[in-house]
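J.: One structure follows; several queries about it will come next.
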Amino acid sequence: MTGELRTGRPHREAAGHEHPVRTTYVDAALFLGMNSADEATRIACKSFFATRLHGRVVMSWEQVGRCDDLVWRFPRELQDAYYPFMDHLHTDMRIDRLGYTREDIEAGLGADATAGLPVHERLLAGMVLRHGGVLCTVSPGLRACRALTVHPPEAGPEVPFPEGLEKLYRASLALRIPHGLLWGEDGCSTE
């Protein structure tokens, strides 16, 4: 989905049919993917956010916390290089940060389709499923979940942020995250 993101309101196609515009949800894997050690992942994730800077996405509180948890595992100097970019992006872009409701939790933990996922991904899946949203992620588990509508970030040329934010982003690249850590492999807790 490209362009400005909205929730719940129908839009009209050329033929006059109405379709709901689905809210896009993002996870920690996509957000931290902007600092992935894998260049293709880094560029795709960064371009996703750069092209939607004036749009809207939703991120659960838990997924925001997972970003911090992973960044705090790196040395202080890398955290200091990373956080100015993250702080500005969370301010400059409309990222609606929401907590899980009881219904989101029940949907995620109760759905057979999410049974093979780690708990943090099941909870996010429940939120997305319950609200009929679209999830953008680089997580292999979530991408394989057939119950979800998942759009991975598109490969292509790197899209820059506006000048000031791009400068902060370039400084943040002192922190490069091993690919598997983005979704909880290699020792990061998944429960």
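The values are calculated or read from the model by the stated rules, or taken from the named source; none is laboratory data. What you see is a predicted model, and the numbers here were worked out from it, not measured in a lab. Note: areas computed on protein heavy atoms with side chains; ligands, DNA, RNA excluded. Shrake-Rupley method; radii C 1.70, N 1.55, O 1.52, S 1.80 Å.
J.: From largest accessible area down, sort 94, 42, 76, 130; use a 1.4 Å probe on the protein chains.
T.: Of 94, 42, 76, 130, the descending order of accessible area is 76, 94, 130, 42.
J.: Based on the alpha-carbon gyration tensor of the range 13-164 and its eigenvalue square roots a ≥ b ≥ c, which shape applies: rounded if a/c is under 1.5, prolate if not and a/b is larger than b/c, or oblate?
T.: The shape class here is oblate.
J.: Report the accessible area of residue 139, computed with a 1.4 Å probe over the heavy atoms of all protein chains in place, in Å² rounded to the nearest 10.
T.: Rounded to the nearest 10, that gives 0 Å².
J.: Heavy-atom accessible area of residue 112 with all protein chains present, probe 1.4 Å, nearest 10 Å²?
T.: 140 Å²
J.: Excluding ligands and nucleic acids, what accessible area in Å² is computed for residue 106 using a 1.4 Å probe, to the nearest 10?
T.: Spelled out: residue 106, probe radius 1.4 Å, area about 110 Å².
J.: For the range 110-191, just say rounded, prolate or oblate: build the C-alpha gyration tensor, square-root its eigenvalues into a ≥ b ≥ c, call rounded for a/c under 1.5, and beyond that prolate if a/b exceeds b/c, oblate if not.
T.: Because a/c hits 1.5 or more and a/b exceeds b/c, the range 110-191 counts as prolate.
J.: Counting only protein chains, not ligands or nucleic acids, how are 158, 39 ordered by accessible area (probe 1.4 Å), most first?
T.: Solvent-accessible surface, decreasing: 39, 158.
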